[in-house]
């Protein structure tokens with residue numbers, strides 16, 4: 001099926017104009033849709049790259065005027 005045939009078929013099914021359908025960007029699907037790999041963050045690996053101070057922070061003295 002060509003792009004023009006697809007646009008005409010969608011326009012006929014929806015009742016919209018062919019120019020509107022072509023501007024929406026309909027495309028024919030591939031034979032087998034590909035599933036995307038889940039996007040996973042390995043937080044343990046991410047935390048290993050961060051620098052962590054092992055000494056407690058010094059408290060600043062309050063400024064009194």
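Rule-based calculations on the coordinates, nothing more; no lab input. Bear in mind the structure is a predicted one, so any value in this text is a computation, not a measurement. Counting neighbours? That spans all protein chains shown, and the Cβs are built from the backbone with ideal geometry, glycine included.
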Square roots of five times the C-alpha gyration tensor eigenvalues of the chain, ordered largest first and given in whole Å, equal 61, 22, 7
Simple spin-label estimate for residue 48/residue 34, 7 Å along Cα→Cβ, in nm, reads 2.9 nm
Label model pair residue 5, residue 63: point-to-point distance (7 angstrom along the Cα→beta-carbon line) in nm is 7.7 nm
In degrees, nearest 10, the alpha-carbon axis of helix 3-14 is tilted away from the dominant principal axis of the alpha carbons of the chain by 90 degrees
